[in-house]
Amino acid sequence: MARADDEGELYASPAWLSAVWLVLVVIVVLEAVDELFDVGGPKVLYETWFHDAVLAASAGLILARAAYEPKARAAWVAFGLAQTTWLVGNVAWSIAYSGRANPPYPTFADVLWLLWYPLIFLGIASLIRLRVDNFELHRWMDGIAAVLVVLVAGSAFVLHPVLEGHHQGTLAAVVDFSYPVLDILVIGALLGVYGLVGWRPDRMWVLIGLGILVITIADASFAVRQASGLSDDRYAFTASLGALLLAYAAWVRVPQRERPVERVTGLRAVALPLMAQGLAAGVQVYSFFHPEDTGEEVVTLVVLVVASVQIILTRPRPAGAATGTAGDEDGQGR
């Protein structure tokens, strides 16, 4: 049943939910122990049944939250459908190809897995419309810088290893690159969201970010291991953990009224573009001694340009700084 606490926050806490979280955590721990330490037992139990059980529970819990939460229903429906397409892709692939020594790649399941990304973007966009009252140019540019920062790091640690180890056809190459590139864009979009909320995300946004980050790490690990010729997915439990975090994010306390976002000023307002510049400069120095692809050098150059414009032209200043007086807001200035 939904109820409000003393701070005016509305949240739902069914009595059965605590037991569900405990069971799901135990399942994820068992899957992780088996994959990391090979404790023995049927692999299909841990890698298929346990893994898919967490995905199914995650999708069900998020969609159940949509039923409790009319204000953010569209967002949670999008997140729930994302988890559902992921689950259906897993189950369909297992039915069609489980046990085959050389299953085809890509398959129809990749279509379902790739649908996860637009649905996640749709959920994030729906939540932004609820949580952010106004659009500010400098925060939007923070988001661009964030995407570029993650793209530079992702190309160095994920895209290059996948490229070097790829020996399949064109369609397989496109699908292989789609996953890490979309992962990078999702993380960049979340960093942009954190900029939009003044770098003080509430617990819901933190959990969404952690869940998606863990899922993208699982994707990146799988892509790199596959490119290296390793067929086993030793870190599949991270995807289960990410799904569980997303489900938990759906059930944390949700503000009944949107609170105004604090205006970001000073060093905190330019922290992200400064970090972007530092990373881009580091990549350029590394490229001087170890020549990289032209595309990556172009990305780092764009990072430098965007970050510089953000700092020079759109850096917000404290109230009164632009007019030269702190008393204008009180009616005592000019």
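The values are calculated or read from the model by the stated rules, or taken from the named source; none is laboratory data. Source: prediction; values computed, not measured. Positions of Cβ are backbone-derived with ideal geometry, glycine not excepted, and every protein chain shown enters the neighbour counts.
Going through the range 70-118 one residue at a time, which ones are hydroxyl-bearing (Ser, Thr, Tyr), in contact (Cβ under 8 Å) with a residue 24 or more places away in the chain and assigned to a helix (DSSP H, G or I)?
Kept after step one, since they are hydroxyl-bearing (Ser, Thr, Tyr), are these residues of the range 70-118: 84-85, 94, 97-98, 105, 107, 117.
Filter once more, so that each one left must be in contact (Cβ under 8 Å) with a residue 24 or more places away in the chain: 84-85, 94, 98, 105, 117.
Hits for the range 70-118 are Thr84, Thr85, Ser94, Tyr117.
Can you go through Leu45, Leu24, Leu30, Leu55 and tell me which one is part of a helix (DSSP H, G or I), surrounded by fewer than 16 Cβ atoms within 10 Å (Cβ to Cβ) and out of contact with any strand residue (DSSP E or B) (no Cβ under 8 Å at 6 or more places or on another chain)? Spell out how you get there, then give the answer.
On the way: Leu24 fails: surrounded by fewer than 16 Cβ atoms within 10 Å (Cβ to Cβ); Leu30 fails: surrounded by fewer than 16 Cβ atoms within 10 Å (Cβ to Cβ); Leu55 fails: surrounded by fewer than 16 Cβ atoms within 10 Å (Cβ to Cβ).
Leu45 is the lone residue from the list that is part of a helix (DSSP H, G or I), surrounded by fewer than 16 Cβ atoms within 10 Å (Cβ to Cβ) and out of contact with any strand residue (DSSP E or B) (no Cβ under 8 Å at 6 or more places or on another chain).
Can you tell me which residue among Glu262, Glu258 is at pLDDT below 75, over 30 Å from Gly169 (Cβ atoms), part of a loop (DSSP other than H, G, I, E, B) and in contact with a helix residue (DSSP H, G or I) (Cβ under 9 Å, 6 or more places away or on another chain)?
Details: Glu262 fails: in contact with a helix residue (DSSP H, G or I) (Cβ under 9 Å, 6 or more places away or on another chain).
Result of the check over Glu262, Glu258: Glu258.
Would you point out which residue out of Ala82, Ala66 is surrounded by 14 or more Cβ atoms within 10 Å (Cβ to Cβ) and over 30 Å from Gly169 (Cβ atoms)? Spell out how you get there, then give the answer.
Details: Ala82 fails: over 30 Å from Gly169 (Cβ atoms).
Unique residue meeting the criteria: Ala66.
Any residue that is under 19 Å from the mean Cα position of the chain (by Cα) and under 17 Å from Ile208 (Cα atoms) - is there at least one of those in the range 35-54?
Of the range 35-54, the ones under 19 Å from the mean Cα position of the chain (by Cα) are 54.
Next cut, under 17 Å from Ile208 (Cα atoms) only: 54.
So far as the range 35-54 goes, yes, one or more of its residues are under 19 Å from the mean Cα position of the chain (by Cα) and under 17 Å from Ile208 (Cα atoms).
If you check Leu36 against the conditions, is it more than 25 Å from Tyr117 (Cβ to Cβ), part of a helix (DSSP H, G or I) and touching a residue at least 60 places away in the same chain (Cβ under 8 Å)? I'd like the intermediate steps shown before the answer.
Details: more than 25 Å from Tyr117 (Cβ to Cβ): yes; part of a helix (DSSP H, G or I): yes; touching a residue at least 60 places away in the same chain (Cβ under 8 Å): yes.
In short, yes.
Which residue out of Val175, Val197 is over 21 Å from Ser58 (Cα atoms) and at pLDDT 80 or above? Before you say what the answer is, go through the steps one by one.
Working: Val197 fails: at pLDDT 80 or above.
Within the list Val175, Val197, the selection yields Val175.
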